[in-house]
Amino acid sequence: MYELRSVTKRYARGKDSVHALDGVDLTIADGDRLVIQGPTGGGKSTLLQMLGGLDRPTAGEVVFDGTDLARLSEARLTRVRSENIGFVFQSFNLIPTLTAQENVETALVPLGVKPKERRERAAEALRSVGLGERLAHLPSEMSGGQQQRVAIARALVKQPKVLLADEPTGNLDESMRDEIMDVLERMWKEFGLTFIMVTHDSGIAKKAPRLATIRKGRISVKENAGA
């Protein structure tokens with residue numbers, strides 16, 4: 001699935017150069033569930049952006065299914081993201097003027113799916129996350145947990161190979177956090193996804209089969225015996 005080889009990402013900060021990633025080597029197999037932890041500014045989100053093709057490394061290779069994402073044209077990279085990678089973010093990123101169903105449909109538009117099929121697939125995706133009765137609701141008419149379920153449905157409606165989640169429970173209380181994690185883990189198992197998640201929550205990290213810790217751009221990975 002993924003093979004990262006000597007991945008480096010540098011950002012200019014005034015006269016200095018900051019290494020967000022510093023020679024990262026990482027292998028992620030099909031169907032893996034990996035949690036990434038580390039201090040703020042340690043490189044977690046930068047790594048997730050590399051895996052999602054949202055940013056390019058300064059040096060190194062980000063190989064996804066045999067293709068180095070860093071070498072693709074923007075058009076081809078956009079196509080790979082649209083077809084293969086679903087994203088879930090802390091802030092939900094829903095369009096406030098669209099209903100739950102319409103928000104989910106937006107993931108299918110770049111794939112050229114016809115309107116009738118878009119509506120059907122969006123409705124089914126929302127039913128799969130327990131929101132079958134909320135198709136016509138706007139984000140403002142839903143709780144934070146429900147909005148995140150819509151975001152999960154939007155990420156999964158295109159049937160991606162990979163689900164990337166950046167602090168998906170960060171804006172939720174503890175009970176809602178557990179509910180969302182249950183949904184994510186169920187989707188991972190049902191769809192055979194490769195699931196990669198960034199979190200500050202140690203309780204979530206302890207349950208992951210693999211845990212990556214990143215500090216100052218350097219990464220270490222261990223199998224989690226407690227998972």
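The values are calculated or read from the model by the stated rules, or taken from the named source; none is laboratory data. Predicted, not measured: the structure shown is a model, and the values here were computed from it. Note that each Cβ is placed from the backbone with ideal geometry, even for glycine, and that neighbours are counted across all protein chains shown.
Does residue 177 qualify as being over 25 Å from residue 82 (Cβ atoms) and either aromatic (Phe, Trp, Tyr) or in contact with a Gly (Cβ under 8 Å, 6 or more places away or on another chain) (or both)? Step through it out loud before you land on a result.
Working: over 25 Å from residue 82 (Cβ atoms): yes; either aromatic (Phe, Trp, Tyr) or in contact with a Gly (Cβ under 8 Å, 6 or more places away or on another chain) (or both): no.
The answer is no for residue 177.
Filter the range 57-71 for residues that are buried (at least 18 other Cβ atoms within 10 Å of the Cβ) and without any contact (Cβ under 8 Å) to a residue 60 or more places away in the chain; which is nearest to the chain's Cα centre (by Cα)?
Ranking the candidates gives 69 first.
If you check 125, 151, 136, which single one turns out to be more than 19 Å from residue 167 (Cα to Cα), in a helix (DSSP H, G or I) and aliphatic (A, V, I, L, M)?
Values: 151 fails: more than 19 Å from residue 167 (Cα to Cα); 136 fails: in a helix (DSSP H, G or I).
Checking each option against the conditions leaves just 125.
Which of the residues spanning the range 80-98 are of a type in the set (S, T, N, Q) and under 18 Å from residue 195 (Cβ atoms)?
First pass over the range 80-98, keeping only residues of a type in the set (S, T, N, Q): 82, 84, 90-91, 93, 97.
84, 90, listed by residue number.
Under the condition of being modelled with pLDDT of 90 or more and out of contact with any Gly (no Cβ under 9 Å at 6 or more places or on another chain), which residue from the range 197-221 is nearest to residue 46 (Cα to Cα)?
Ranking the qualifying residues of the range 197-221, first place goes to 197.
Would you confirm whether or not the range 83-96 contains a residue that is surrounded by fewer than 17 Cβ atoms within 10 Å (Cβ to Cβ), polar (S, T, N, Q) and over 29 Å from residue 1 (Cβ atoms)?
no
For residues that are closer than 19 Å to residue 160 by Cβ, out of contact with any helix residue (DSSP H, G or I) (no Cβ under 8 Å at 6 or more places or on another chain) and either surrounded by 20 or more Cβ atoms within 10 Å (Cβ to Cβ) or without any contact (Cβ under 8 Å) to a residue 40 or more places away in the chain (or both), tally how many sit in the range 29-56.
Going residue by residue through the range 29-56, those that are closer than 19 Å to residue 160 by Cβ are 29-36, 47-55.
Narrowing further to those that are out of contact with any helix residue (DSSP H, G or I) (no Cβ under 8 Å at 6 or more places or on another chain): 29-32, 34, 47-49, 51.
Cutting the leftovers down to either surrounded by 20 or more Cβ atoms within 10 Å (Cβ to Cβ) or without any contact (Cβ under 8 Å) to a residue 40 or more places away in the chain (or both) gives us 34, 47-49, 51.
Total satisfying the criteria: 5.
When the residues of the range 1-23 are narrowed to those that are in contact with a Lys or Arg (Cβ under 8 Å, 6 or more places away or on another chain) and either without any contact (Cβ under 8 Å) to a residue 40 or more places away in the chain or under 20 Å from residue 34 (Cβ atoms) (or both), which ends up surrounded by the fewest Cβ atoms within 10 Å (Cβ to Cβ)? It would help to see each step written out before you state the result.
Residues of the range 1-23 in contact with a Lys or Arg (Cβ under 8 Å, 6 or more places away or on another chain): 1, 17-23.
Retained after the next criterion (residues that are either without any contact (Cβ under 8 Å) to a residue 40 or more places away in the chain or under 20 Å from residue 34 (Cβ atoms) (or both)): 1, 17-18, 20-23.
Values: 1: 17, 17: 10, 18: 15, 20: 24, 21: 27, 22: 18, 23: 15.
Filtering the range 1-23 for residues that are in contact with a Lys or Arg (Cβ under 8 Å, 6 or more places away or on another chain) and either without any contact (Cβ under 8 Å) to a residue 40 or more places away in the chain or under 20 Å from residue 34 (Cβ atoms) (or both), the one surrounded by the fewest Cβ atoms within 10 Å (Cβ to Cβ) comes out as 17.
Looking at 104, 109, 183 in this structure, which one is buried (at least 18 other Cβ atoms within 10 Å of the Cβ), more than 24 Å from residue 207 (Cβ to Cβ) and of a type in the set (A, V, I, L, M)? Before you say what the answer is, go through the steps one by one.
Values: 109 fails: buried (at least 18 other Cβ atoms within 10 Å of the Cβ); 183 fails: more than 24 Å from residue 207 (Cβ to Cβ).
Criteria check complete, one pass: 104.
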